[in-house]
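K.L.:
Below is the structure I would like to discuss, written out as structure tokens.
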Amino acid sequence: MRSLFGFLGELTVSFGRLITGKAYVRWDDFAVTIQRCGLDAFLLVSLISMLVGMILAFVGAIQLKMFGAQIFIADIVGIAMVRVLAAVMTGIIMSGRIGASFAAELGIMQTNEEIDALKTLGVSPVEFLVMPRVLALFIMLPLLTIYADLMGIIGGFIISIGMLGLNPIEYWNHTQHAVKLIYLWIGLIHSLSFGLIIAISGCLRGVKCERSSAGVGEATTSAVVTAITSIVIATAIITFICQILGV
Amino acid sequence: MDSVLDPVIEVSNLDLGYADYIVMRNISFSVRKNDIFVVMGASGCGKSTLLKALIGLNQPLKGEVLYNGKNFWDTDEAEQQNITRRFGVLYQGGALWSSLTLGENVALPLQIYSNLSSIQIREVVALKLSLVGLAGYEDFYPSEISGGMRKRAGLARAIALDPDIIFFDEPSAGLDPVNARMLDDLIIQLRDVLGATIIVVTHELASIFSIADNSIFLDAESKTMIAAGNPNDLLADSRDPRVIRFLTRGAKHPNL
Ligand SMILES: Nc1ncnc2c1ncn2[C@@H]1O[C@H](COP(=O)(O)OP(=O)(O)OP(=O)(O)O)[C@@H](O)[C@H]1O
Ligand SMILES: [Mg+2]
């Protein structure tokens with residue numbers, strides 16, 4: 001816990017130095033991470049969020065059919081995806097893909113004394129290695145989430161039109177009407193926090209890694225576990241706050 | 001004015017360890033300017049641990065490390081950085097930054113601390129790499145070269161900024177005899193040309209006898225230093241069987 005706060009403090013200081021242009025950041029890592037989040041994760045995010053949209057439509061249809069209100073599937077899928085589900089699914093996927101790789105990369109650097117070598121050079125490892133990764137995820141997770149929103153809605157659309165025989169125009173109108181701008185913001189808040197959570201748990205576990213191959217394995221596992229647990233807790237907190245604020 | 005005889009590094013009553021595990025107790029020595037100072041001892045006795053306390057990575061449990069009279073572990077971070085900026089460190093495993101090419105590895109310290117243009121930096125990088133026998137390897141990644149080459153590339157990086165004090169952790173481990181000899185010559189050359197003070201952790205006897213001006217001997221069992229002085233003198237004069245056994249590869253059993 002103390003190491004977490006120390007780490008966050010260092011990250012904040014680094015961010016301050018970044019804004020004032022004094023930080024020594026490795027931007028190549030930023031570009032590589034952006035690319036890995038984008039191109040490489042696209043397929044998986046598409047697949048998973050589309051399937052989640054489909055599942056929602058199926059499950060919802062069974063209940064709503066009893067009331068002859070099947071068209072409200074559009075509302076359910078739209079709201080659920082945009083508000084939380086797209087962000088949570090993307091967050092979980094990226095914890096496994098990117099969070100784990102951060103922990104492994106930094107863990108191996110720790111084991112190889114690469115991080116020591118940065119310290120003796122007077123370069124903050126947090127600034128040089130962690131900052132670009134955190135920034136990249138902070139930017140990429142919302143973008144991926146918006147894309148996942150779309151995929152989820154398309155998934156719901158396919159089931160509703162193809163299998164339940166709903167009217168496509170009516171479905172689209174319902175979706176547009178149901179997904180309010182505020183839900184997009186709520187989704188954005190989720191994805192921004194998840195971006196931070198994934199990057200920080202991955203990097204923290206990596207930097208604090210014990211110097212052995214077993215240590216690197218442990219760091220990787222615990223990075224993923226920490227990220228997913230924190231994502232669920234953060235979702236609960238954000239949902240609770242929204243409830244209080246009445247949105 | 002610094003006199004040549006003034007110690008650059010003074011270590012007194014140092015206790016080293018991790019958490020509550022004590023590795024070494026009561027280490028005291030001083031390193032004169034322009035000396036090649038050797039830290040020797042059996043594997044696992046705590047040589048790297050001592051080095052880490054000297055370069056500011058692991059705080060010692062007790063005792064003082066003075067650089068030109070300044071107590072390193074008792075000053076603020078800015079002052080510590082002023083001190084470490086004059087260091088060059090070759091880590092036991094090379095510790096090259098794996099996502100950077102050899103050229104970028106050597107260039108990074110220059111980019112941070114020198115005012116050289118990128119063309120000048122490229123020239124310095126080429127020079128330092130050729131000095132360690134790696135001319136033309138600028139674009140290789142650490143994963144693409146051998147362990148011994150990594151060690152030498154690490155050395156090129158350590159001397160990139162022409163440091164005042166250079167720390168070597170087992171520089172010749174993993175090198176063939178010819179390259180090991182070349183490295184010894186390079187270390188002496190660095191001392192003579194750069195005027196650097198050099199601290200070498202090693203248990204290569206040939207290297208110890210040919211380069212060391214002064215040395216200390218760490219013993220794992222008693223967890224402290226059991227001898228200090230020029231290794232040739234130690235071999236001639238020491239009455240301690242542990243020291244003699246080490247310096248003669250276990251061959252000679254002095255009857256005491
Ligand atoms: N990070 C660490 N945490 C706990 N104990 C450690 C750590 N690093 C080293 N040690 C212990 O400290 C002791 C000294 O280790 P050190 O690496 O300093 O030995 P060494 O003299 O450099 O050995 P070698 O010649 O093999 O490199 C060993 O017993 C080792 O188990
Ligand atoms: Mg060692």
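The values are calculated or read from the model by the stated rules, or taken from the named source; none is laboratory data. The shown structure was predicted, so the numbers you read here are calculated from the model rather than taken from an experiment. Virtual Cβ from ideal backbone geometry, glycine too; neighbours counted across all protein chains shown. Note: areas computed on protein heavy atoms with side chains; ligands, DNA, RNA excluded. Shrake-Rupley method; radii C 1.70, N 1.55, O 1.52, S 1.80 Å.
K.L.:
Return only the number of the condition from (1) more than 18 Å from the chain's Cα centre (by Cα); (2) more than 30 Å from B:Leu108 (Cβ to Cβ); (3) open to solvent by 40 Å² or more (accessible area, probe 1.4 Å) that A:Met89 does not satisfy.
P.N.:
(1)
K.L.:
Also, I was wondering about something else. Restricting attention to region B:55-90, report how many residues are within 16 Å of ligand 2 (Cβ to nearest atom) and over 23 Å from B:Asn105 (Cα atoms).
P.N.:
Qualifying residue count, region B:55-90: 1.
A quick yes/no check of all residues on (1) over 29 Å from B:Ala212 (Cβ atoms); (2) in contact (Cβ under 8 Å) with a residue 24 or more places away in the chain:
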position	(1), (2)
B:Ile36	no, yes
B:Gly44	no, yes
B:Leu51	no, yes
B:Leu57	no, no
B:Lys62	no, yes
B:Arg86	no, yes
B:Ile112	yes, no
B:Ser117	yes, no
B:Arg122	yes, no
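K.L.:
Residue check, B:Gly154 against (1) within 14 Å of another protein chain (Cβ to nearest Cβ); (2) surrounded by fewer than 22 Cβ atoms within 10 Å (Cβ to Cβ); (3) within 16 Å of ligand 2 (Cβ to nearest atom); (4) within 25 Å of B:Thr84 (Cβ to Cβ), all met but one. Which one?
P.N.:
(2)
K.L.:
Also, I was wondering about something else. Of (1) away from ligand 1 (no atom under 11 Å from the Cβ); (2) in contact (Cβ under 8 Å) with a residue 24 or more places away in the chain; (3) open to solvent by 40 Å² or more (accessible area, probe 1.4 Å), B:Gln92 satisfies all except one. Which?
P.N.:
That leaves (1) as the condition not met.
K.L.:
Just the residues that are open to solvent by less than 50 Å² (accessible area, probe 1.4 Å) and either among the acidic types (Asp, Glu) or within 15 Å of B:Leu100 (Cβ to Cβ) (or both), please, taken from region A:19-38.
P.N.:
A:Val25, A:Arg26, A:Asp29, A:Phe30
K.L.:
Going through A:Arg205, A:Arg211 one at a time, which residue ends up being within 21 Å of A:Glu113 (Cα to Cα) and part of a loop (DSSP other than H, G, I, E, B)?
P.N.:
When all the criteria are applied, what remains is A:Arg211.
K.L.:
Of the conditions (1) part of a helix (DSSP H, G or I); (2) more than 18 Å from the chain's Cα centre (by Cα), A:Val123 fails just one. Which one is it?
P.N.:
The single condition A:Val123 does not satisfy is (1).
K.L.:
Right, here's the next one. Check B:Leu116, B:Leu134, B:Leu100, B:Leu127 and return the single one that is buried (at least 17 other Cβ atoms within 10 Å of the Cβ), more than 17 Å from A:Gly122 (Cα to Cα) and more than 14 Å from chain A (Cβ to nearest Cβ).
P.N.:
Step by step, each of B:Leu116, B:Leu134, B:Leu100, B:Leu127 is checked, and only B:Leu134 is buried (at least 17 other Cβ atoms within 10 Å of the Cβ), more than 17 Å from A:Gly122 (Cα to Cα) and more than 14 Å from chain A (Cβ to nearest Cβ).
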